[in-house]
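The values are calculated or read from the model by the stated rules, or taken from the named source; none is laboratory data. Predicted model, so just to flag it, every value in this text is computed and none were measured. All Cβ positions, even for glycine, are placed from backbone atoms using ideal geometry, and neighbour counts span all protein chains on display. Note: areas computed on protein heavy atoms with side chains; ligands, DNA, RNA excluded. Shrake-Rupley method; radii C 1.70, N 1.55, O 1.52, S 1.80 Å.
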Amino acid sequence: MPEGHTIHRLARQVNDVFGGQKISASSPQGRFAAGAEKIDGRILERAAAHGKQLFLSFEHELTLRVHLGLYGAWDFGGDENFRGASSIGAPRRIGERELLGPAESYAGPPTPQGAVRLRLTTEHGWADLRGPSACELLTPEGLSAQLAKLGPDPLHGENVGEAVFIGGVSAKRTPIASLLMDQTVVAGIGNIYRAELLFRNQIDPWTPGNKLDRLTLQKLWKDAGVLLRRGVQDGRIITTEPADRLSSGELHYVYKRQGSQCLRCGTGVLLVEHAGRKLYYCPGCQQPQ
Ligand SMILES: [Zn+2]
């Protein structure tokens, strides 16, 4: 599943290619036909991400909420005025598919392929959404209700949300490994960032939230912002510091490195199941306090 950095990149892309423009909307697959009809011909005012969710604000206070889930993806294409065209989401993890042809060859969007839930177009380009776990229109009240369910997003600024994050974690006896994946506690962190943040901050994954001191949680929050911002910039998750990388150029400290030596202490990295998800950690660096 794409983690928060991908959705923030997506918001930026939607703003670049559709922001402030009148949009044609349709649902070639039909499943979102009624919703598409309501935003068809309206101006897309702004795209914003909160954690793993994308919110597109249209005029007349209608907001489209999209969650890509495990299988969702957006494809973009268009002419030379439609910059940054690419595909973002699952399953194309390596690189982003470039659909931008030579400028003179652009003759409108292609015939929809497969189950396109939503197609957005302007005269300069198009975007297709396939396979989202959520695609719905919200009223202002519905939007408030959705946002109220989400924890703070570290990409909304280093200090914005810090107190809420610390309060949320400190109130629970749940292991920190679970709390970091709980989108009501902090929004945008998935399995890779979870493992890497706990490693970088030398936290035992099973430490109950209420046993972590304030300074540790402050550092954890700030580090989440640092890593997610790098992800937005790079378009992928890179969590190792250059000095820690071997000649093979490890991108992660523990994620998918089970059985290999820890880059910092040499202990074997472990993989266990935790709450139904894979959890990677270094028992040498991440000892109980
Ligand atoms: Zn270690």
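What FRET efficiency would be calculated for the residue pair Ser260, Ala148, taking the C-beta separation as r and a Förster radius of 35 Å, to the nearest 0.05? Mind dumping the intermediate values first?
Numbers: r = 42 Å, r/R0 = 1.20.
That gives a FRET efficiency of 0.25.
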Figure the gain on full extension for His124 and Arg229 (residue separation times 0.36 nm, minus the Cα-Cα span) and round it to one decimal in nm.
-> 34.8 nm
Rounded to whole Hz and in sequence order, give me ³J(HN,Hα) for segment 214-231 from the Karplus expression 6.51 cos²θ - 1.76 cosθ + 1.60, θ = phi - 60°, writing x for Gly and Pro.
-> 4, 5, 4, 5, 4, 5, 4, 4, 5, 5, 4, x, 4, 5, 5, 5, 4, x
Counting Lys and Arg as +1 and Asp and Glu as -1, each charge on the Cβ, what is the dipole of segment 4-148 about the Cα centre in debye, to the nearest 20?
-> 520
Accessible area per residue in Å² at 1.4 Å probe, computed on the chain = 46
Which Cα, out of Gly69, Asn15, Ser57, lies furthest along the positive dipole direction of the chain (beta carbon charges, K/R +1, D/E -1)?
-> Gly69
For segment 1-62, go through all pairs of different Cα atoms, get the mean of 1/r, take its inverse, and jot down that Kirkwood value in Å.
-> 12.2
Intensity falloff of the chain expressed as log10 I(q)/I(0), Debye formula with alpha-carbon point scatterers, at q = 0.13 Å⁻¹ | -0.91
Using θ = phi - 60° and the Karplus curve 6.51 cos²θ - 1.76 cosθ + 1.60, what whole-Hz ³J(HN,Hα) does each residue of segment 53-68 get, with Gly and Pro shown as x?
-> 10, 10, 10, 10, 8, 10, 4, 6, 6, 9, 10, 8, 9, 10, 10, 6
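Kindly give Rg over Rh for segment 154-281, based on alpha-carbon atoms, with the Kirkwood expression for the hydrodynamic radius.
On the way: Rg = 14.1 Å, Rh = 14.9 Å.
When Rh is taken as the Kirkwood radius, the ratio is 0.95.
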Ignoring the sites themselves, what is the longest stretch of the chain with no GluC sites (Glu not before Pro) in a DSSP loop and at most 15 other beta-carbon atoms within 10 Å?
-> 159-289
Among His252, His60, His50, residue whose mean-square fluctuation peaks in a GNM of the chain (springs only between Cα atoms under 10 Å) = His60
So how long is each side of segment 240-282 along the principal axes, counting just the alpha-carbon atoms, biggest first, in Å?
-> 33, 17, 13
Simple label model, 7 Å out from Cα along Cβ direction - Thr267 to Ser247, nm | 2.8
Check Val186: other-chain or 5+ apart residues with amide H under 5 Å from its amide H, H built from backbone geometry?
-> Gly151
What pairs in Lys149/Lys278; Lys52/Lys149; Lys172/Lys219; Lys149/Lys256; Lys172/Lys211; Lys52/Lys211 have C-alpha atoms more than 21 Å from each other?
-> Lys149/Lys278; Lys149/Lys256; Lys52/Lys211
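Take the Cβ-Cβ distance between Glu37 and Ser133 as r, set R0 to 25 Å, and report the resulting FRET efficiency rounded to the nearest 0.05.
Working: r = 22 Å, r/R0 = 0.88.
My answer for the efficiency is 0.70.
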When the Karplus curve 6.51 cos²θ - 1.76 cosθ + 1.60 is applied with θ = phi - 60°, which whole-Hz ³J(HN,Hα) does each residue of segment 274-281 get, with x for Gly and Pro?
-> 9, 6, x, 10, 6, 10, 10, 7
Value of Rg/Rh across segment 4-148 [Cα atoms, Kirkwood radius] | 0.93
Largest to smallest accessible area among Thr111, Thr207, Thr267 [probe 1.4 Å] | Thr111, Thr267, Thr207
Residues with amide H under 5 Å from that of Val116, placed H, sequence gap 5 or more | Gln29
Show the residues, 5+ positions off or on another chain, whose built amide H is closer than 5 Å to the amide H of Glu45.
-> Gly20, Ser57, Phe58, Glu59
